[in-house]
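The values are calculated or read from the model by the stated rules, or taken from the named source; none is laboratory data. Every value quoted in this text rests on a predicted model; they were computed, and no experiment measured them. Counting neighbours? That spans all protein chains shown, and the Cβs are built from the backbone with ideal geometry, glycine included. Please note that ligands, DNA and RNA were not included when accessible areas were found on the heavy atoms of the full protein model with its side chains. Shrake-Rupley method; radii C 1.70, N 1.55, O 1.52, S 1.80 Å.
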Amino acid sequence: MKRIIIIGAVAALIALIAFRLINNKKDIDAAKTSSVQFQTTPVVDVQPVSYKRLDQNLVLLGTVESQNEGNIIAEIRGKLQNFNLVLGTYVKKGQQVGYVQDPVQGVIVENNQTAVENAKREMERYDRLLKGGAVTQETYQKFKDQYATAILNTKQQQRVLGNGAVLAPISGYVYDKKVQNGEFVAVGAVLASVINLQNLKLVVNVPEQAVYQLQPGDKAKITAQAFPGVSFSGSVHYVSPKGDDLHNYPVEIYIANNSKNQLKAGTLANANFTFKQGVAGLFIPRRALVGGADSASVYVVQNNVARLRKIRLGYDNGDQYQVLDGLKQGEPVVINGQLNLTNGAKVTVNQNSSVQGKADTSVAVNP
């Protein structure tokens, strides 16, 4: 009897253990299922589209260039002489920095000089004969005219030979030297290059939404990392009438260089513009964008479903984009978590972000 009781107790214990294991397995499976379901619904942060009025400050990066630079060239062919320029040398406009001697022209000039001397001797001889009555006035005049013609030919040839002088085209610093003294050079050969740093220009590409507010004479503040805390005054000189494929327009800004903090050509610098009329409209954070600015889209959350919507952008102040078309004020756009989204995906809105669907009627003014 006791044995039967023991066997029954053991069987009951085994049954209890089996029941507990089965229940634990159900709990574990339910937890796994719940976890999987939670992970398949992305959590996103949203922010309502807001109306703002901003001062339109525009900062654009460009490259400093010289307004005035030129090449020293050879006007005739020949051997380069007295060309002793050193890089960094300052030259003045019209300064002779060398000479090109054409050996052929040299021979011609020498021959012409000999012809002048011979013509002069003949003229003087016939002058004596005329005075002695040995020749007529017409004969003497013939040799006198030959002498005048020889002088004219020599002067013309010397004028041509004078083009061999190598002159600086502008005042400035020599920054490139391509040939050495004594080399034979061709007509039009570039011998060296000169740059003037007194007047510079900054070339920047201005986006379409801002270029219509620019005109020649507008002021710009120029800054460069090379001179922290220093600003240069600039004035818009040229606004291109034609933009590129990305709707950017080249603009040239003239800069008066600073003798104390002298900018060099090729330096990167920023042009800072402030447009008084400002810009007003609907704005979204830059981080809400999906795709590039030229083909922008955002995810809009409607009833916990993310809908991809194409939009058209306007003014860009660096952190925010103006929306010209595609969104309404107050619509919640996804600002974080869109990398895991597809059009039509169900989402869970983070309760710590802006409230889904809440209309934003405030007007933000940037002082």
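Quick look at the numbers
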item: Ratio Rg/Rh, restricted to the range 97-239 and using Cα atoms, in which Rh is the Kirkwood radius; result: 1.38
item: Selection of trypsin sites (Lys or Arg not before Pro), the range 188-240, meeting DSSP coil and at most 15 other Cβ within 10 Å; result: none
item: Charged-residue dipole, Cβ positions (Lys, Arg, Asp, Glu), the range 83-153 about Cα centre, Debye nearest 20; result: 240 debye
item: Residue-level accessible surface for residue 97, protein heavy atoms, 1.4 Å, Å²; result: 10 Å²
item: Cut-off 12 Å between beta-carbons: net charge of the residues surrounding residue 230, Lys and Arg +1, Asp and Glu -1; result: +2
item: Selection of chymotrypsin sites (Phe, Trp or Tyr not before Pro), the range 147-253, meeting DSSP coil and at most 12 other Cβ within 10 Å; result: 212
item: Charge dipole (the range 119-278, unit charges on Cβ, about Cα centre) - positive-most of 179, 148, 204; result: 148
item: Rounded Å value of the spacing that divides the Cα centres of the range 198-229 and the range 50-103; result: 21 Å
item: From the C-alpha gyration tensor of the range 225-337, square roots of 5λ in Å; result: 38, 16, 13
item: Neighbourhood net charge (12 Å Cβ-Cβ; Lys/Arg +1, Asp/Glu -1) for residue 134; result: +2
item: DSSP-assigned coil residues among trypsin sites (Lys or Arg not before Pro) in the range 247-280, each with at most 16 further Cβ atoms within 10 Å; result: 260, 264
item: 5 angstrom amide H check on residue 261, placed H, neighbours 5+ away; result: none
